[in-house]
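What follows is one structure encoded as structure tokens, with my remarks underneath.
The values are calculated or read from the model by the stated rules, or taken from the named source; none is laboratory data. The structure displayed is predicted, hence computed values, not measured ones. Every residue, glycine as well, gets a Cβ built from its backbone with ideal geometry; the counts of neighbours run over all protein chains shown.
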Amino acid sequence: MTLEEKASLCSGRDFWSTRPIERLEIPSVFMTDGPHGLRKATGTDFTNSVPATCFPTAAGLASSWNPELLHEMGIALGEECQANNVQFLLGPGVNMKRSPLGGRNFEYFSEDPILAGKMAAALINGLQSQGVGASLKHFAANNQEFERLSNNSVIDERTLHEIYLPAFEIAVKEAQPWTVMCSYNKLNGTYASENNLLLDSILRKQWGFKGFVVSDWGAVSNRVAGINAGLDLEMPGNGGLNDKKIVAAVNSGQISKERLDEVVTQIVAQLLKTHELHKEGATYDKDKHHELARKVSSECAVLLKNSNNILPLDKSKKIALIGNFAKAPRYQGAGSSQVNPTRIANVYDALSKTATVSFATGYTADATTDAKLIAEAQEQAKNSQIAVVVAGLPDTYESEGFDRSNMDMPEAFNTLIEAVAKVQPNVVVVLMNGSAVAMPWAGKVKGIIECWLGGQAGGEALADILTGKVNPSGKLSESFAVKLEDTPSYLNFPGRDGTTIYGEGIFIGYRYYDKKKVAPLFPFGFGLSYTTFAYTGMDISKGAASDTDHVKVSVKVKNTGKAAGKEVVQLYVQDENKTIIRPEKELKHFAKVSLQPGEETTVSFELSYRDFAYYSEKVHSWQTSNGKYNILAGGSSADLPLHRSLDITATNVLYAPLTRNSLLKEFAQHPKGKAVYAKLMESMGSMFGAGNSTEKLTPAQEDARKKMQAMMMAILNEMPVSKLVSMGGGKFTDQMLDEMLLQVQ
């Protein structure tokens, strides 16, 4: 392969496809947007894409808490890609929901990295089982749309590793996506597209990623730096401009021939793999996929309130269905993930098949209302026995390219709900939105269902839930705050003037609400059912263990109601040690189980090292603490009735090297530094007059002396050891310190 041919493989042929080399039988492959449906467009005409099944977006998918369901959906996506000659689907996105205002929150999974990573891995495995590559995105720290092409995400090392990287890590290790897409933004001053720490040190060396890294479309800043850092493929094509730069850089020695060969080998391996796995003439069953979308959507919906068991609806009663979304549903987000659905179902048509339903528009297509529309809605509500108001967020409120300015729904929607609730005591509100919203009317209605953006079959899925054909089993994948001011990143989102400070650190989502003791409107992991569940017991295999042991945890849960249903068993770990500031608890495992009335089952989990560990910036690695850990289990982050404790012995403890700038207390904590610490204390004893005075002290004077010594020791322990030289009055010298430091190396 010539140098020019190698360089040509490092960028696209056009907007969606890679360059072929016909003489070497290296094929071109087609990459297209996802991740909740195939969007194969012609060129840049995004409005003209092939019909494809539109599944719920990631915000809803994660609320199913059902990896098996996402695996099934991934298979369907793969079948549609094969039928449309698409080799790579660009998704899923696993960026954290740092703020409810994030413009692309609808296509990200969760505020929790464990949930996001597990759901992404399942979807990727399903997709790639059909010979279609996934592109895990956006790597990394792409958490706002404002100035996203130039924004610098400033994140401390611990927060990066504990919050913003683990979802990617889980997906890479458990599913090995064939590509990873780097993000637009900078991370701590360096563009993700040329960030060696992200693309090589972490992604390849630490996690063992085997595929190729592709840029987000237009994310390349410096192509030569990108090649050296680990960015393999640039998309879209650039007309050969950057290919020439690569050739020149190799000839000048800026890029080594070996490095370019690594890049090209990674790209070609995946191109050949997808070409070999292509299924010529493949088709798929549109009706079957629509029914799958209906099943998926029904598991995504979260029942948030059900006072007096107003749901499921009594189909013998007259139902007023109010809101334009009931006939023209909001079923997906706007931007690059917008799918041309094979069909669209609405809840009005679906519900009308089994119940007596009247309708009032309530608000216009552009989310406004007036006195006439409100009066019509109230009239329908008064003449019915139950009113179901369908609201949420319109297309113009959330999309790729911009962030929301607040958590509020359009005022017309809130006004409508309040007006209907004044004339009808039995009101259910259904929400169609891609991220958390404020609900000032929550206390005035009897039922609330969060449907998210439910895909093309969302209307039928909603009807199934309203009528009880399906028992809702979704749980919130993100916390719903009462108001924007309560959210963790309120003071820092979005970052402006080119920089975003992640000042809340590791405390995003429920981690923040727990630590600050701020009650959310609805907590992470919360969701009701038409039946009830009881957590009846927990067993752990060991009461004490090494941090390298595997600890089995068994949780018993029982369906204590009268209907079959599904429950999400959530397992959290709480570190009681005070070694470092940590969240009150963190999700570590979960499982969704289906139970008949009266049925009890046991769900087993296995805890291992990372479940107890935190990331230490001092040693740049994961560490555990000696001491007590609590294992908590239940149906939401705010309802964990089962708990057991175990003692963990830390065995893999790393220590930062001791230097002149190390704090005195760090010598006391370091295995090699303890003896030196004792000598340092001996050397400094004269500073307090310890043992030098022969004067007899009264008990009060002795007590005062001890308190003074304790105070001075507390001060000294927080000082760099080098300060003792200047404070020692010549009794402790630089030479003595250097000799002591040699003993701890």
Strands (runs of 3 or more DSSP E) wholly inside the range 528-647 that include at least 1 residues being closer than 27 Å to Pro166 by Cβ and touching a Gly at 6+ places or on another chain (Cβ under 8 Å): 533-540, 551-559, 565-575, 586-595
Qualifying positions in the range 80-121 - touching a His at 6+ places or on another chain (Cβ under 8 Å) and either surrounded by fewer than 24 Cβ atoms within 10 Å (Cβ to Cβ) or among the charged types (D, E, K, R) (or both): Glu80, Gln82, Asn85, Glu107, Ile114
Identity of the residue in the range 1-38, outside any loop (DSSP other than H, G, I, E, B) and of a type in the set (S, T, N, Q), that ends up farthest from the chain's Cα centre (by Cα): Ser8
Selection within the range 354-408 - farther than 30 Å from Ser316 by Cα, of a type outside the set (D, E, K, R) and surrounded by fewer than 16 Cβ atoms within 10 Å (Cβ to Cβ): Ala365, Thr368, Ala371, Thr396, Gly401, Ser405, Asn406
Leading residue by the ranking (nearest to the chain's Cα centre (by Cα)) among those in the range 648-668 that are crowded, with 16+ Cβ neighbours inside 10 Å, in contact (Cβ under 8 Å) with a residue 12 or more places away in the chain and not in a loop (DSSP other than H, G, I, E, B): Ile648
Strands (runs of 3 or more DSSP E) enclosed by the range 125-230 - at least 2 residues per element that are crowded, with 24+ Cβ neighbours inside 10 Å, in contact with an Asp or Glu (Cβ under 6 Å, 6 or more places away or on another chain) and modelled with pLDDT of 95 or more: 212-215
Subset of the range 299-347 (residues that are assigned to a strand (DSSP E or B) and within 30 Å of Val593 (Cβ to Cβ)): Val302, Leu303, Leu304, Lys305, Asn306
Number of the condition not met by Glu169 [criteria: (1) among the acidic types (Asp, Glu); (2) more than 19 Å from Pro583 (Cβ to Cβ); (3) touching a Phe, Trp or Tyr at 6+ places or on another chain (Cβ under 7 Å)]: (2)
All positions within the range 717-740 that are in contact with a Leu (Cβ under 9 Å, 6 or more places away or on another chain) and either more than 15 Å from Ser662 (Cα to Cα) or not in a helix (DSSP H, G or I) (or both): Glu718, Met719, Pro720, Val721, Ser722, Met727, Phe732
Residue match in the range 287-299 (condition: surrounded by fewer than 18 Cβ atoms within 10 Å (Cβ to Cβ), of a type in the set (A, V, I, L, M) and either more than 27 Å from Ala365 (Cβ to Cβ) or touching a residue at least 60 places away in the same chain (Cβ under 8 Å) (or both)): no
Count - residues of the range 675-689 that are within 22 Å of Pro720 (Cβ to Cβ), at pLDDT below 80 and not acidic (Asp, Glu): 9
Matching option when the condition is under 24 Å from Glu22 (Cα atoms), among the β-branched types (Val, Ile, Thr) and surrounded by fewer than 19 Cβ atoms within 10 Å (Cβ to Cβ), among Thr265, Thr274: Thr265
Close pairs (7 angstrom Cβ cut-off, 6 or more residues apart or separate chains): touching a residue at least 24 places away in the same chain (Cβ under 8 Å) and surrounded by 11 or more Cβ atoms within 10 Å (Cβ to Cβ) in the range 711-722, assigned to a helix (DSSP H, G or I) and among the aromatic types (Phe, Trp, Tyr) anywhere: Met712/Phe688; Val721/Phe667
Sole residue being more than 13 Å from Val744 (Cβ to Cβ), at pLDDT 85 or above and either in a helix (DSSP H, G or I) or among the basic types (Lys, Arg) (or both), chosen from Ala700, Ala714: Ala700
The range 1-56, subset at negative phi and among the acidic types (Asp, Glu), residue modelled with the lowest pLDDT: Asp45
Filtered residues of the range 612-650 (kept if among the acidic types (Asp, Glu) and over 19 Å from Ala545 (Cα atoms)): Glu617, Asp639
Among residues of the range 112-125, those that are of a type in the set (D, E, K, R) and either closer than 18 Å to Leu77 by Cα or in contact with a helix residue (DSSP H, G or I) (Cβ under 7 Å, 6 or more places away or on another chain) (or both), counted: 1
